[in-house]
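Sharing a structure with you now.
The values are calculated or read from the model by the stated rules, or taken from the named source; none is laboratory data. Only a predicted model underlies this, so the values are computations on that prediction, with no experimental measurement involved. Here the Cβ is made from the backbone with ideal geometry for all residues, glycine too, and neighbour counts use every protein chain on show. Each accessible area value is taken on the protein alone, full model and side chains, heavy atoms only, with ligands, DNA and RNA left out. Shrake-Rupley method; radii C 1.70, N 1.55, O 1.52, S 1.80 Å.
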Amino acid sequence: QVHLVESGGGLVQPGGSLRLSCAASRIIVSLYDMGWYRQAPGKQRELVASISSGAVKNYADSVAGRFTISRDNAKNTVLLQMNSLRPEDTAVYYCNAKYHGLDYWGKGTLVTVSS
């Protein structure tokens, strides 16, 4: 059974940084299109950042220049470095893996940006 386990969420002040990690089991992240999504209260889930199997990265306009997605193939992990956090970044962040019609999700990690 595929597992995606997110970690690294928490409470941070505006302007601060967090690094989220997505540890995968039973898949090889370098072969998958990996993404980070988020869902704020009362809002739809949205794509934050993605990295394809070919290492092409894409970012939502709202996070471009502040967030960085990367992949650690040795640890089979996908990371999301989040800098200059804003209150509107508050959400549950989910890891996603896609491959030829297969679609896997983690359970999410909560990020709260508040003073």
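Would you check which residues across the range 65-115 are under 10 Å from the mean Cα position of the chain (by Cα) and either open to solvent by 70 Å² or more (accessible area, probe 1.4 Å) or at positive phi (or both) and list them?
Listed by number, the list holds a single entry, Gly108.
Output the residues belonging to the range 22-43 that are open to solvent by 30 Å² or more (accessible area, probe 1.4 Å) and either more than 18 Å from Asp103 (Cα to Cα) or within 13 Å of the chain's Cα centre (by Cα) (or both).
Matches in the range 22-43: Ala23, Asp33, Tyr37, Gln39, Pro41, Gly42, Lys43.
On to the next question. Just a yes or no: is a residue in the range 48-60 surrounded by fewer than 21 Cβ atoms within 10 Å (Cβ to Cβ) and within 25 Å of Ser114 (Cβ to Cβ)?
Checked the range 48-60: at least one residue is surrounded by fewer than 21 Cβ atoms within 10 Å (Cβ to Cβ) and within 25 Å of Ser114 (Cβ to Cβ).
Take Thr68 and tell me if it is among the hydroxyl-bearing types (Ser, Thr, Tyr), in contact with a Ser or Thr (Cβ under 7 Å, 6 or more places away or on another chain) and at pLDDT 95 or above.
no
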